[in-house]
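Notes follow once the structure below has been shown.
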Amino acid sequence: MAQQTEILKCDCNVIHQEVVDLVRTTMPSQDKLQELSQLFKVFGDPTRLKILSALFKSEMCVCDMATLFNMTQSSISHQLSVLKQARLVNYHREGKVVYYGLDDQHIQQIFDQGYLHIQER
């Protein structure tokens, strides 16, 4: 059964304008929040998280990932396309083989922070 958390609210209607103004001037723009929301949506799929987790260890080709995850190459390619569009993975070709890797180290930091958060329970 899910734990219910009581949400408390003020018993008055006092506006702390200095706080409201400070927060308003420092918040990211709506466009940036939309971009961030899209990024987190990409992280919202277990298959994509498995792919990213594997790529933390090594660059891999689609054939290897399909074997590792017991999935079709087509399924892996589709998820890689989503990850590439979100600029989370990149690739390079060596002869006939295409290797995928992380676009940058921020990706593992995002993953690690989320993982640490869920381990706190």
Looking at region 85-97, can you tell me whether even one residue there is part of a helix (DSSP H, G or I) and loosely packed, with under 15 Cβ neighbours inside 10 Å?
yes
Out of (1) of a type in the set (Phe, Trp, Tyr); (2) farther than 20 Å from residue 107 by Cα; (3) in contact (Cβ under 8 Å) with a residue 24 or more places away in the chain, the one residue 43 does not meet is (2)
Log entry, pairs with first residue in region 96-120 being under 23 Å from residue 62 (Cβ atoms) and free of Cβ contacts under 8 Å to residues at least 24 places away in the same chain, second being of a type in the set (A, V, I, L, M) and surrounded by 11 or more Cβ atoms within 10 Å (Cβ to Cβ), beta carbons closer than 6 Å, six or more apart or on different chains, reads 103/88; 103/89
Going through region 62-75 in order, the residues found to be in contact (Cβ under 8 Å) with a residue 12 or more places away in the chain, in a loop (DSSP other than H, G, I, E, B) and either exposed (fewer than 15 other Cβ atoms within 10 Å of the Cβ) or touching a strand residue (DSSP E or B) at 6+ places or on another chain (Cβ under 8 Å) (or both) are none
Taking region 46-61 and keeping only residues that are assigned to a helix (DSSP H, G or I) and either within 18 Å of residue 106 (Cα to Cα) or more than 13 Å from the chain's Cα centre (by Cα) (or both), one is left with 48, 49, 50, 51, 52, 53, 54, 55, 56, 57
- Residue check, residue 64 of a type in the set (Asp, Glu), over 14 Å from the mean Cα position of the chain (by Cα) and modelled with pLDDT of 95 or more: yes
Subset of region 16-45, residues surrounded by 10 or more Cβ atoms within 10 Å (Cβ to Cβ) and not in a helix (DSSP H, G or I), comes to 27, 28, 43, 45
**Message:** Suppose the filter is surrounded by fewer than 10 Cβ atoms within 10 Å (Cβ to Cβ), part of a helix (DSSP H, G or I), acidic (Asp, Glu) and more than 26 Å from the chain's Cα centre (by Cα); does residue 6 pass it?
**Reply:** no
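The values are calculated or read from the model by the stated rules, or taken from the named source; none is laboratory data. These numbers were taken from a predicted model, which means no experiment stands behind them. Virtual Cβ from ideal backbone geometry, glycine too; neighbours counted across all protein chains shown.
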